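Note sheet for the following structure.
The values are calculated or read from the model by the stated rules, or taken from the named source; none is laboratory data. Predicted model, so just to flag it, every value in this text is computed and none were measured. A quick note on method: Cβ atoms are made from the backbone with ideal geometry, for glycine too, and the neighbour counts reach across all protein chains shown. Just the protein is used for accessible areas: all its heavy atoms, side chains included, with ligands, DNA and RNA removed. Shrake-Rupley method; radii C 1.70, N 1.55, O 1.52, S 1.80 Å.
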Amino acid sequence: MTLVSLAGTSAHAATAIPDISEWQGKLTDKQVSGLKSQVAFVINRRQYGIGHVDRYASHNTALYTKYGIPFGEYDFATFSSPARAKAEAKTFYQRANPNAQFYVLDYEALHTSRGQSNAAVNAWYNEMHHLTNKKLVFYSYQSFATSYANQARKKFDAQWIANYSKKPTIQTDLWQFSNHKYFPALKKHVDASSILNSKKPLNWWIGGTPNASANN
């Protein structure tokens, strides 16, 4: 499949899941109320590492709550060691909206040594697992995931994998199939994903408990 055909299929449109950050701006009531009928849920960036809180995360997640749109939150990882990963996870949890259905580690840029990368991802996971019983999700591009977190990623409750040209060939529960899908309510093109694993349907993401491992 090509990127264009993936973004245009009715199946993907019906289950569209955008991920939104400050790059999409400070959303309005009109945008979010309209978005409700166009998405399954939203994944919102809370921080870019410890050093940068997403400018509109609190505002936008408050609107998702107001209009009844389920959402998860993600941390774009910038940690440089296992100790820093633990601290970053703790800060992320403290900053996140308590209404988030799940938490995501967005791990797509290497700031540790290659030899420490799995240990650092594992430290982030362990700290979050200590802090919450909500689902923990690992996100990356397929090549990065297998190169730098091939062991640690398998501990997470689900894996969200980006691959824009074809379906991923590693275990994938949520597939980011496009980085340029148009959402009419937003009047913007944004990253979009769809559920790929039938063992983790919509109600797994926005309700219930993490009773299945990412390897299922």
Restricting to the range 40-55, give me the number of residues that are open to solvent by less than 60 Å² (accessible area, probe 1.4 Å) and at pLDDT 95 or above.
10
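Please verify whether the range 128-143 includes one or more residues that are without any contact (Cβ under 8 Å) to a residue 40 or more places away in the chain, open to solvent by 50 Å² or more (accessible area, probe 1.4 Å), within 18 Å of residue 50 (Cα to Cα) and assigned to a helix (DSSP H, G or I). So that I can check it myself, show each step before the final result.
Step one: list which residues in the range 128-143 are without any contact (Cβ under 8 Å) to a residue 40 or more places away in the chain, which gives 128-130, 132, 140-143.
Next cut, open to solvent by 50 Å² or more (accessible area, probe 1.4 Å) only: 129-130, 141, 143.
Next, only the ones that are within 18 Å of residue 50 (Cα to Cα) stay: none.
No, the range 128-143 contains no residue that is without any contact (Cβ under 8 Å) to a residue 40 or more places away in the chain, open to solvent by 50 Å² or more (accessible area, probe 1.4 Å), within 18 Å of residue 50 (Cα to Cα) and assigned to a helix (DSSP H, G or I).
Output the number of residues of the range 79-99 satisfying the condition of being assigned to a loop (DSSP other than H, G, I, E, B), in contact (Cβ under 8 Å) with a residue 24 or more places away in the chain and farther than 13 Å from residue 54 by Cβ. Walk me through it before giving the result.
Filtering the range 79-99 for residues assigned to a loop (DSSP other than H, G, I, E, B) gives 79-81, 96-99.
Remaining after also requiring in contact (Cβ under 8 Å) with a residue 24 or more places away in the chain: 79-81, 96-97, 99.
Applying the additional criterion that residues be farther than 13 Å from residue 54 by Cβ yields 79-81, 99.
Looking only at that region, the number is 4.
Among the candidates 192, 162, 152, single out the residue that is aliphatic (A, V, I, L, M), out of contact with any Asp or Glu (no Cβ under 9 Å at 6 or more places or on another chain) and at pLDDT 95 or above.
152
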For residue 63, indicate whether it is among the aliphatic types (A, V, I, L, M) and surrounded by fewer than 23 Cβ atoms within 10 Å (Cβ to Cβ).
yes
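Within the range 81-95, identify whether any single residue is open to solvent by 10 Å² or more (accessible area, probe 1.4 Å), under 26 Å from residue 165 (Cβ atoms) and not aromatic (Phe, Trp, Tyr), and answer yes or no. Talk me through it step by step, then tell me what you get.
Initially, the range 81-95 is screened for residues open to solvent by 10 Å² or more (accessible area, probe 1.4 Å), giving 81-84, 86-87, 90-91, 93-95.
Checking which are under 26 Å from residue 165 (Cβ atoms) leaves us with none.
No; the residues of the range 81-95 include none that is open to solvent by 10 Å² or more (accessible area, probe 1.4 Å), under 26 Å from residue 165 (Cβ atoms) and not aromatic (Phe, Trp, Tyr).
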Looking at the range 144-152, can you tell me whether even one residue there is surrounded by fewer than 17 Cβ atoms within 10 Å (Cβ to Cβ), in contact (Cβ under 8 Å) with a residue 60 or more places away in the chain and outside any strand (DSSP E or B)?
no
